[in-house]
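Structure record follows, encoded as structure tokens.
The values are calculated or read from the model by the stated rules, or taken from the named source; none is laboratory data. Please read all numbers here as calculations on a predicted model, not as lab measurements. Every residue, glycine among them, receives a Cβ derived from its backbone with ideal geometry; neighbour counts consider all protein chains shown.
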Amino acid sequence: MTPITVSIVEDLDEVREGLEKFINNDADFAVHGSFSNAEEAILSLPAMQPNIVIMDINLPGMSGIDCIIATKEKCPATQFLMFTVYENDEKVFEALKAGASGYILKKTAPSKIIECLKELFNGGSPMSSNIARKLVNNYQTKEPTGLASLLLSVRENEILDLLSKGLLYKEIAQKLFIATGTVRQHIHKIYSKLHVQNRTEAINKAFQNKSS
């Protein structure tokens, strides 16, 4: 199997080198490019076209969010995973709006980071639990649009609701007593029907303000 390629943009040497080490120790992955600032990453990532970029937000010079904005169009198949200490709503939503498909905190355990990378590669949007809670709180004042209820099956609407609560694929499978592979198939159908590419886009499209 061809390894999943991962690039890292992180200014702290010890953090960047630690990520490189445990990611390369997993046979499913290979680190392709490691950068200490956004400017170097912007120059190099388009030629590398990695499957995933692990992106810090607070970089010297240009921020990680601006780096995604500058890079995403040139790397359309690349998934961006934010890896940061920031938990405030503004940073989370700025990153997701810029094109990040996942958002995890630096205190996340190495084994969990590997799980998140695999989930991201397989079409998911991994979030640290407290980040997922922020998204849930944001949508608690919102209700499904007619679009989701009309286009999606009862099971697909059920899975979309669980996605909006930040559950991982395996957690959804356990809750619904179905296989993880079945959950993945349903989610791909949801994305196809709603014409979206990730969890965040699906939730944005399926929910709207009650006052609208």
Residue check for residue 73: of a type in the set (D, E, K, R) and not in a helix (DSSP H, G or I): no
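This table checks each residue for (1) out of contact with any Gly (no Cβ under 9 Å at 6 or more places or on another chain); (2) at pLDDT below 95.
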position: 34; (1), (2): yes, no
position: 37; (1), (2): no, no
position: 41; (1), (2): no, no
position: 45; (1), (2): no, no
position: 58; (1), (2): no, yes
position: 61; (1), (2): yes, yes
position: 67; (1), (2): yes, no
position: 76; (1), (2): yes, yes
Lone unmet requirement of (1) farther than 26 Å from residue 169 by Cα; (2) under 16 Å from the mean Cα position of the chain (by Cα) for residue 96: (1)
Note on residue 11: of the conditions (1) more than 20 Å from the chain's Cα centre (by Cα); (2) more than 22 Å from residue 112 (Cα to Cα); (3) of a type outside the set (Val, Ile, Thr); (4) surrounded by 16 or more Cβ atoms within 10 Å (Cβ to Cβ), unmet is (2)
Could you please tell me which pairs satisfy a Cβ distance under 7 Å, a separation of 6+ or placement on different chains, a first residue in the stretch 155-171 that is assigned by TED's automatic domain parsing to the domain that holds residue 188 and in a helix (DSSP H, G or I), and a second residue that is modelled with pLDDT under 85 and of a type in the set (Lys, Arg)? 163/199
Checking residue 27 against (1) more than 21 Å from residue 101 (Cα to Cα); (2) under 20 Å from the mean Cα position of the chain (by Cα): exactly one of these is not met. Which one? (2)
Inside the stretch 22-34, can you point out the residues that are hydrophobic (A, V, I, L, M, F, W, C) and more than 17 Å from residue 79 (Cβ to Cβ)? 22, 27
Which numbered condition in (1) out of contact with any His (no Cβ under 7 Å at 6 or more places or on another chain); (2) at pLDDT 85 or above; (3) surrounded by 15 or more Cβ atoms within 10 Å (Cβ to Cβ); (4) more than 18 Å from residue 103 (Cβ to Cβ) is the only one that residue 185 fails? (3)
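State which residue is surrounded by the fewest Cβ atoms within 10 Å (Cβ to Cβ) when the search covers only the stretch 149-161 and only residues that are under 18 Å from residue 132 (Cβ atoms) and at pLDDT below 90.
Keep residues of the stretch 149-161 that are under 18 Å from residue 132 (Cβ atoms), which gives 158-161.
Within this subset, residues satisfying the condition of being at pLDDT below 90 are 158, 160-161.
On the way: 158: 15, 160: 22, 161: 17.
Ranking the qualifying residues of the stretch 149-161, first place goes to 158.
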